[in-house]
Amino acid sequence: MSPADQPPDVDRLARSMLSLRGDDDAHDQPTPVGNGGGFCFKASDFADDPDRAAAVRAATQADRNRYLTSGLQPVDCRFCHATVNVKRMGPGHTAVQWNSDAAQRCAYFTEVRARGEPSALTRACPKLADSIEHAIAEGYLEAVSTAAPPGDG
């Protein structure tokens with residue numbers, strides 16, 4: 001039997017894991033989740049340090065806002081005047097952030113819904129895609145965004 005066909009040495013694996021991670025007593029214990037008995041590790045809520053808890057909440061909100069808005073520019077559809085936020089990240093990759101008003105206003109998505117299809121599963125509105133290309137041609141929207149990526153700290 002070749003080594004690849006043999007079952008793993010469980011004891012050796014456990015010793016290896018302990019050498020990398022240390023014993024379980026050195027780490028936070030998992031928190032039970034739901035009624036299924038599953039576990040997950042939760043970040044500290046800093047209940048004993050209200051100033052730190054407030055700072056973490058503020059930083060988390062800032063990260064969330066930056067992730068959702070970094071480099072996005074409003075673009076108005078030249079056909080139905082739905083306004084969405086757009087960021088071009090390169091050829092073939094454009095982020096479009098829809099809002100409920102734009103989704104309801106979009107004539108193409110209205111046609112899709114009229115056919116009984118879910119507009120959420122529709123890849124894109126061709127009229128809006130033309131409007132985005134027009135915004136790039138007019139210099140309103142960058143062909144490739146120079147905004148810092150949201151995860152750069």
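Please arrange K87, K127 by how many other C-beta atoms lie within 10 Å of their C-beta, fewest to most. Don't skip to the answer; put the middle values down first.
Values: K87 20, K127 16.
Ascending Cβ contact count within 10 Å gives the list K127, K87.
Got a sec? How would Y108, Y67 order by Cβ neighbour count within 10 Å, fewest to most?
On the way: Y108 19, Y67 11.
With the sparsest Cβ surroundings first, the list reads Y67, Y108.
Any idea what the relative contact order of region 71-137 is, in percent, if you count C-alpha pairs under 8 Å spaced at least 6 apart? Intermediate values should be presented prior to the final figure.
On the way: 75 pairs, mean separation 20.9, N = 67.
About 31 percent, as a whole number.
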Exercise for the section: Using R₀ = 25 Å, calculate the FRET efficiency as 1/(1 + (r/R₀)^6) where r is the Cβ-Cβ separation of D130 and T110; round to 0.05. Expected result: 0.90
Practice task
Based on other C-beta atoms within 10 Å, arrange R115, R78 from fewest to most.
Solution key: R115, R78
Problem - Extension reserve of the A59-T122 stretch, reckoned as 0.36 nm per residue once the Cα distance is removed - result: 19.2 nm
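Bear in mind that the values in this text are calculations on the coordinates, not laboratory data. Keep in mind that what you see is a predicted model, and the values were worked out from it rather than measured. Note that we place each Cβ from the backbone using ideal geometry, even for glycine, and neighbour counts take in every protein chain shown.
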